[in-house]
Amino acid sequence: MTQTKKFDYRIVQDKDVWAAEITRRMTARKTIVSKRKTGFATEAEATAWGEKELKSFLDKLMERNERKAKQREVRTEATAAKELAADVWRDARDVADGSDNAKDFDEDSDDYASDEASK
C-alpha cells in the first residue's frame, strides 16, 4: 500500500497557460480539487503559488480543526454537566417523595414481560 499525502498541489498546462491546483485525496482512487488558479505564464510561477497556497491552506485547516476540537470539548462538558444535574434532580425527587423507587428500578429489566406473565 502506497502512502500519499492527503493534501498536495499539482501543476497543469493548458496550451500556453499554466494552472496550479490544491488537491485533496478523497479516496485511494479519487482526488478533489479544493482550490485552483489559472493564468500563470511559467511553470515556476504556478509552482510558487501552489506551494505558498498549500501552506496557507493547511494552516487555516489546522486552526479550524483546533477551534472545532475546543467547541466539541465544551459541548461534551455541557452534556456531562446536564446529565449530572438530571441525576441530582432525580435523587432529590426520590428523597422528597420518600419512596425507594430508585433502588427497585432496574434499567435492564423488561417490565412488559413481567406484566404479561402476571395476566
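The values are calculated or read from the model by the stated rules, or taken from the named source; none is laboratory data. Note that the coordinates shown come from a computational prediction; the quantities given were computed from them, not determined experimentally. Neighbour counts run over all protein chains shown; Cβ positions are idealised from the backbone, glycine included. Heads up: the accessible areas ignore ligands, DNA and RNA and are worked out on the full protein's heavy atoms, side chains in. Shrake-Rupley method; radii C 1.70, N 1.55, O 1.52, S 1.80 Å.
Is it fair to say ARG36 is open to solvent by 90 Å² or more (accessible area, probe 1.4 Å) and in contact with an Asp or Glu (Cβ under 6 Å, 6 or more places away or on another chain)? Answer is yes for this residue.
Inclusion of SER99 among residues that are modelled with pLDDT under 95, in a loop (DSSP other than H, G, I, E, B) and over 28 Å from LYS5 (Cα atoms) is warranted. Listed by first and then second residue, the pairs linking a residue in the range 13-32 that is part of a loop (DSSP other than H, G, I, E, B) to a residue that is of a type outside the set (Lys, Arg) and open to solvent by less than 100 Å² (accessible area, probe 1.4 Å), with Cβ atoms under 7 Å apart and 6 or more places separating them unless they lie on different chains, are MET26/ILE32.
Residue check: ASP59 meets all listed conditions (1) without any contact (Cβ under 8 Å) to a residue 40 or more places away in the chain; (2) in contact with a helix residue (DSSP H, G or I) (Cβ under 9 Å, 6 or more places away or on another chain) but one, namely (2). Do we have any residue at all in the range 11-19 that's in contact with a helix residue (DSSP H, G or I) (Cβ under 6 Å, 6 or more places away or on another chain) and of a type outside the set (S, T, N, Q)? Scanning the range 11-19 turns up at least one residue that is in contact with a helix residue (DSSP H, G or I) (Cβ under 6 Å, 6 or more places away or on another chain) and of a type outside the set (S, T, N, Q).
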